[in-house]
Structure formats: structure tokens, C-alpha cells
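The values are calculated or read from the model by the stated rules, or taken from the named source; none is laboratory data. Fair warning: this is a prediction, and the values are worked out from it, not measured in the lab. Backbone-built Cβ (ideal geometry, glycine too); neighbour counts: all protein chains shown.
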Amino acid sequence: MKENNLKVPEDLAIIGIDDVSFASFYEPGLTIVAQPAFEIGKKAAELLLNKIQKKAGAEEKLVYRFEPKLIVRESC
């Protein structure tokens, strides 16, 4: 970007995924899509425990959807 004299966000928008702690410290701050990591981990642990304990439904193939969150900062 620097070689081509491109500036964020004037010439180029940048979006990252996952709200890593340093995303807000970049200049400009990085816009990100945050994943609900805690909720995903909690569901994964629940499914694993059900499988270990052989509870009903543990073998079913299910789809879980978790709502991401867009955190807009200066990079867009």
C-alpha cells in the first residue's frame, strides 16, 4: 500500500475478522467482524460432553448459527 501511495480509508478499506486486542490500536483503527468466541466454545463443550455421556441426540448432525458483530473503526 505504501509503495502505491494508497491510504486507508481514503483509497482502500480494510476489514479483519475476530476482535484481537490490538485491532483498535492500529492507526487507523481496524474495522472487524467479531465472532462470539465464548458462546461458540460453550456450545462446543456442551456437545462434547453430550457425546462423552452418550446423551440422546449426541450423534445428530446439527447446525448452530452464532451472530457475529461488526465493529466499525476508522479503516472503512
Exercise. Do you know which of the residues in segment 42-76 that are acidic (Asp, Glu) and out of contact with any Gly (no Cβ under 8 Å at 6 or more places or on another chain) is modelled with the lowest pLDDT?
Worked result: Glu59
Seminar exercise, completed: The residue that is surrounded by the most Cβ atoms within 10 Å (Cβ to Cβ), considering only those in segment 12-27 that are at pLDDT 85 or above and farther than 11 Å from Glu74 by Cα, is Gly16
Problem set entry | Some residue of segment 30-41 being touching a residue at least 40 places away in the same chain (Cβ under 8 Å) and not aliphatic (A, V, I, L, M) | yes
Exercise. In segment 30-76, what residues are surrounded by 10 or more Cβ atoms within 10 Å (Cβ to Cβ), farther than 18 Å from Ile15 by Cβ and among the polar types (S, T, N, Q)?
Worked result: Asn50
Seminar exercise, completed: Only unsatisfied item for Leu30, checking (1) modelled with pLDDT of 90 or more; (2) in contact with a helix residue (DSSP H, G or I) (Cβ under 8 Å, 6 or more places away or on another chain), is (1)
